[in-house]
1. What percentage of the solvent-accessible surface of the range 251-392, computed with a 1.4 Å probe over protein heavy atoms, is contributed by carbon and sulfur atoms?
2. Between Asn286 and Thr177, what is the label-point separation in nm under the 7 Å Cα-to-beta-carbon projection?
3. First select every other residue whose beta carbon is under 13 angstrom from the beta carbon of Leu102; then total the charges, Lys and Arg +1, Asp and Glu -1.
4. Taking the alpha carbon gyration tensor of the range 9-64, what are the square roots of 5 times its eigenvalues, largest first, to the nearest whole Å?
5. Pop a pseudo-label 7 angstrom from the Cα along the beta-carbon direction at both Leu200 and Phe349 and give the gap in nm to one decimal.
6. Using only protein heavy atoms and a 1.4 Å probe, report how much of Lys202 is accessible, in Å² to the nearest 10.
7. Relative to the longest principal axis of the C-alpha atoms of the chain, give the angle of the C-alpha long axis of helix 71-83, reported between 0 and 90° and rounded to the nearest 10°.
8. Give me the percent of Cα-Cα pairs in the range 1-107 that sit more than 18 Å apart, rounded to a whole number.
Amino acid sequence: MSDTPVMVALGEDYPELREAVGKICEHYPGAYWRKLEAEQAYPTEFITELTQSGFLASLIPEEYGGSGLPLRAAAVILEQINASGCTASQGHAQMYIMGTLLRHGSEEQKERYLPKIASGELRLQAFGVTEPTTGSDTTKLKTRAVRQGNQYVINGQKVWTSRARHSDLMLLLARTTPVDEVKRRTDGLSVFLIDLKENLGKGVEIRPIEAMINHNTTEVFFDNLTVPPENLIGEEGQGFRYILDGMNAERILVAQECIGDGRWLLQKGIDYAKERVVFDRPIGQNQGVQFPLARAFAELEAADMICRRAAALFDAGEECGADANMAKLLASEAGWHAAEATMSTYGGFAFAREYDIERKWREIRLYQTAPISTNLILAYIGQHVLGMPRSY
């Protein structure tokens, strides 16, 4: 680590961003999200407004049409979306997926794609990594990209690829060298930019997956899909390294979304605990109601600080893997505890869709599993931070 101090902001940073995002979110109340869920639809209007306002291009440098803001600013945007009762996950990938292109793509690739992503002419919302049989064991993925003459031919399958039906482009991780032919399992993986719209029905098939939450997730099949070599990001075989820094950004951003969800849920619980009268007294007067809400507040505040530290390290170009993982772990659990406390506070009314508590409760539960499971984070900390033997 360098001697340059890493500064962590306290209080409500980027107030102008929070206010502007909050005003957009006012146009999309709970009824909007409930209708989308009933129809298993995508929030096209919401994502379009965020894009046109420049918020989803916040991390794209100004020379490519974006705002060139630090990761912490992007995290604040996503936090505010969720803290307003909306759902940031339908657009958050636009922020972190493009980082692989920005950091490892050629200048021609950046000039070709980034301005169109920034303007909304192109959507880069799909990230093809997870597979049905390998799950989190990314180095053993089976999707193959084989060089044949002046093109790559791709065959394989991805699963839990959210937003693929609503994205023009996909960032795809595929194996270009068989795993038994490389020295390290992390070698031989390559990243490609796939034009989904152009190849749909011509080597690409997308099938929706019905899930507990309206995440517009899919499975994607590749059948002899041909991809030109100019769509390879960086060097062949170095793709695993390329996506790792993007994953750190993803974990920091998702962690801040969890903080936003937790704060929305917690405020709902606090307000209801003050207003709801049972046995001639506000239920918030009872320690059994009050204490879980108070503990959830404390956990959210603590998680928020590690989120800020992780973002500060990332923006300073320092090693942030441990902090990014801890931020995601602690924020997801703090958000879940806030959800549980508020569900209990509302009692039976928590299950009524009109209050949106059960919707947010379901959404926040996802982050115990994705984008990386809690147990894998604990394994990372045990091995890479604490120096204990690898547990898997």
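The values are calculated or read from the model by the stated rules, or taken from the named source; none is laboratory data. Just so it is clear, the structure is predicted and the values come from calculations on it, not from any experiment. Note that we place each Cβ from the backbone using ideal geometry, even for glycine, and neighbour counts take in every protein chain shown. Accessible surface is based on the protein model in full, side chains and every heavy atom, while ligands, DNA and RNA are left aside. Shrake-Rupley method; radii C 1.70, N 1.55, O 1.52, S 1.80 Å.
1. Working: 3720 of 6670 Å².
That share works out to 56 percent.
2. Computed distance between label sites Thr177 and Asn286 equals 6.4 nm.
3. On the way: positive: Arg103, Lys110, Arg112; negative: Glu62, Glu63, Glu107, Glu111, Asp245.
Local net charge: -2.
4. 25, 17, 9
5. Distance between the two pseudo-spin positions: 4.2 nm.
6. It works out to around 130 Å².
7. 50
8. More than 18 Å apart: 53 percent of the Cα pairs in the range 1-107.
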